[in-house]
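The values are calculated or read from the model by the stated rules, or taken from the named source; none is laboratory data. Bear in mind that the values here come from a model prediction, so they are computed numbers and not experimental data. When we count neighbours, we look across all protein chains shown, and the Cβ atoms used for this are built from the backbone with ideal geometry, even at glycine. Note: areas computed on protein heavy atoms with side chains; ligands, DNA, RNA excluded. Shrake-Rupley method; radii C 1.70, N 1.55, O 1.52, S 1.80 Å.
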Amino acid sequence: MNDESHISVPALQSDLSQQPQVQIHGGRSAARRAIAAGREGLNIVNRYRILIVDDDAMAREILKRILEHAGYEVMTAGSGPEALRKLHEGIPHLVVVDLMMPEMDGFELCRRIKSHLDVPIVILSAVAAVESKVEGLQMYAEDYIVKPFEKEELVARVQRVLRRYGESAGVEQPEVVIDQDLQINFVQHWARVKGQQVTLTPTESKLLFLLVRNAGRVVTNETLLAKAWAGDEEAYEEGLRVHISRLRSKIEPNPSKPVYIQTKRGVGYRFGAKVNYPAGQEPMALAG
């Protein structure tokens, strides 16, 4: 995004000057209704956190204002490395990534995020080529938005992705405390077990992220296979069982009688322990 005209800034200025935080629940017509509701003084705030990654400072600010006025908490980063550092401050519910960035392009950033976190990604790009769209959608992203675009389109697409993702993403902190014997850091790939730190592989970390995020619920084998492996990797149930076994050997007091990662035979796995979240950050259900 190289200039403000990509998202109709004159209209943006007049709308956002009057529009408080609102939550968008549908497409363009729903976005219009929400903006109108904002002008009537409604203040509807949702709990989703979005990370915007774009090397253009003006583009970041415009995107930030659009999404904040749609009710989201917004973090920003001007490069891929900065975005990865931001993950240490808090895991977003969705990442909006510009493809054309120096130092680390958008595809590489997406690959690194997806290697250990199940976070939905929306790609922004001036590249409308079918090949780029196919690569982005097949490998990394839940949606691909071609510039220029209207602000209502962006808000509606973000809302649709979050809805389609099952209103998941309960783990917002990079590090969570399960109990006095187990703490996990999903960004740095480690667990502290009875005071001893053990290293997790990216796949182990991602599996644990999925299970902890849905603590108390069974996550199916199909969901774990689809979400824990990168798009270019083959995934099989036998491989899943091997990774779960290795994960148990690292974090369970007695791997043969697991208390954290429990098996629902023929269906999937469930994280059996209660997770201690900060107030207001309890998890929401993962669809599937």
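Annotations
- Scanning segment 238-267 for residues that are under 21 Å from THR199 (Cβ atoms) and aliphatic (A, V, I, L, M) turns up LEU240, VAL242, ILE244, LEU247, ILE251, ILE261.
- Test: residue in segment 166-173 that is at pLDDT below 90, more than 19 Å from the chain's Cα centre (by Cα) and within 27 Å of ASP56 (Cβ to Cβ): no
- Strands (runs of 3 or more DSSP E) lying entirely in segment 181-255 (those with 1 or more residues that are at pLDDT 90 or above and over 27 Å from GLU89 (Cβ atoms)): 218-220
- Among the residues of segment 185-194, the ones that are more than 16 Å from the chain's Cα centre (by Cα) and either open to solvent by 30 Å² or more (accessible area, probe 1.4 Å) or of a type in the set (Val, Ile, Thr) (or both) come to 5 in all.
- Criterion: open to solvent by less than 20 Å² (accessible area, probe 1.4 Å), more than 19 Å from LEU207 (Cα to Cα) and in contact (Cβ under 8 Å) with a residue 60 or more places away in the chain - qualifying residue of LEU117, LEU109, LEU94, LEU124: LEU124
- Residue match in segment 258-276 (condition: at pLDDT below 90, out of contact with any Pro (no Cβ under 8 Å at 6 or more places or on another chain) and among the polar types (S, T, N, Q)): yes
- Matching residues, segment 195-217, being open to solvent by 50 Å² or more (accessible area, probe 1.4 Å) and in contact with a Lys or Arg (Cβ under 9 Å, 6 or more places away or on another chain): THR199, THR201, GLY216, ARG217
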